[in-house]
Amino acid sequence: MAPIRWQPDRTAPKPPWPVPSLATALGRGLMGRCPVCGKGRIFDGFLRVAPLCGHCAAPLGLARADDAPPYFTILIVGHIVIPAMLIMQKMADPPTWLLSVIFVPLTVILAIGLIRPVKGATVGLMLSFNMLKTDIETG
């Protein structure tokens, strides 16, 4: 019996909207605009993705970013705050309360400030790679 080899589906249907390049989709997502047309808004609230683009009707709501934006935000904020804290500790050796007064608010401000652009870029990435949730879960 011959081994069964998997072959990719080369006849997968193309989406009915123009698929942007990766750089274009990421840039538009970072700015909070629709990754497809660049004119509509990607968010319906602070972090809620709009179901459809108001300009080109691209299905933005089908791009389920889920846990990726918080992960990337934590990664970015951690790479900014921890080295800054270690450098300050090494150079000036301030008391712990001063480090807390400086770096706790800085961490919160950076995290809140970056989560929305990072989520927009993640949605743009998913639309660029056509990674949309097409099945409807019931239950």
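Every number in this text was worked out from the coordinates using simple rules, so none of it is lab data. Bear in mind that the values here come from a model prediction, so they are computed numbers and not experimental data. Neighbour counts are summed over all protein chains in view; Cβ atoms, including those assigned to glycine, are modelled from backbone coordinates with ideal geometry.
List every residue whose amide H lies under 5 Å from the amide H of residue 40, counting only residues 5 or more places away in sequence or on a different chain, with H placed 1.01 Å from N in the peptide plane.
34, 55, 56
Tell me, what is the FRET efficiency for residue 133 and residue 4 to the nearest 0.05, using R0 = 35 angstrom and their Cβ-Cβ distance as r? Walk me through the numbers on the way to the answer.
Working: r = 28 Å, r/R0 = 0.81.
About 0.80, to the nearest 0.05.
How would you rank 69-80, 52-63, highest first, on the average number of other Cβ atoms within 10 Å across their residues?
My ranking of the peptides, most packed first, is 52-63, 69-80.
From Cα pairs below 8 angstrom and at least 6 apart in sequence, can you work out the relative contact order of the chain, rounded to a whole percent? Display every interim value, and only then the final one.
Working: 159 pairs, mean separation 49.6, N = 139.
That works out to 36 percent.
If you project the alpha carbons of the chain onto their three principal axes, what span does each projection cover, largest first, in Å?
66, 51, 36
Would you please put 111-120, 25-34 in order of how densely packed they are, using the mean number of other Cβ atoms within 10 angstrom per residue and starting with the highest?
Values: 111-120: 18.7, 25-34: 21.0.
Per-residue Cβ counts within 10 Å, averaged per peptide and sorted highest first, yield 25-34, 111-120.
Could you give the DSSP H helices of the chain that reach 18 angstrom or more along their long axis (alpha carbon positions) and whose average Kyte-Doolittle hydropathy is no lower than 0.5?
The answer, listed by residue number, is 68-92, 96-128.
Under 14 Å from a point 7 Å along the Cα-to-Cβ line of residue 71: which residues of region 116-133 have their amide N that close?
119, 122-123, 126
Please list the non-local residues whose amide H lies under 5 Å from the amide H of residue 49, H modeled 1.01 Å from N, same-chain partners needing a gap of 5 or more.
44
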